[in-house]
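The values are calculated or read from the model by the stated rules, or taken from the named source; none is laboratory data. The structure displayed is predicted, hence computed values, not measured ones. No Cβ is skipped: glycine too gets one built from the backbone with ideal geometry, and neighbour counts run over all protein chains shown.
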Amino acid sequence: MSERIPPHVDSGVAGLLAEAPLGAVVKRSVNIAGHRTSVSLEQAFWESLQSIARAERTTVTALITAVDSRRDQRTGNLSSALRVFCLRWTQARAGRG
């Protein structure tokens, strides 16, 4: 089902909304502290993690391990923690964090 983008939406936002599917989830296996686990994220978040890793001169696995070690194991899942990390990192770079 294709919905039209309202005319009042900024052209940059409209371009992002027009990209193919925003919600496509990609599952990847990662090794965290010697344990293999899978992480499900939308492709845009995998791309964001890759960009952050390049900018920080580290690996995606190192970022995932760092986020995992700092999240509340009782209340938050790793995929959600990674999404929030990507958002906060991007906001901090944009001067809004």
Legend entry - Failed condition for residue 74, given (1) more than 22 Å from residue 93 (Cα to Cα); (2) modelled with pLDDT under 95; (3) not in a loop (DSSP other than H, G, I, E, B): (3)
Inset, instruction - Exactly one condition in (1) in a helix (DSSP H, G or I); (2) modelled with pLDDT of 65 or more; (3) exposed (fewer than 12 other Cβ atoms within 10 Å of the Cβ); (4) not basic (Lys, Arg) is not met by residue 38; state its number. - result: (1)
Legend entry - Identity of the residue in the range 62-97, β-branched (Val, Ile, Thr), in contact (Cβ under 8 Å) with a residue 24 or more places away in the chain and more than 14 Å from residue 41 (Cα to Cα), that ends up surrounded by the fewest Cβ atoms within 10 Å (Cβ to Cβ): 90
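Within the range 56-69, identify whether any single residue is over 17 Å from residue 37 (Cα atoms) and outside any loop (DSSP other than H, G, I, E, B), and answer yes or no.
no
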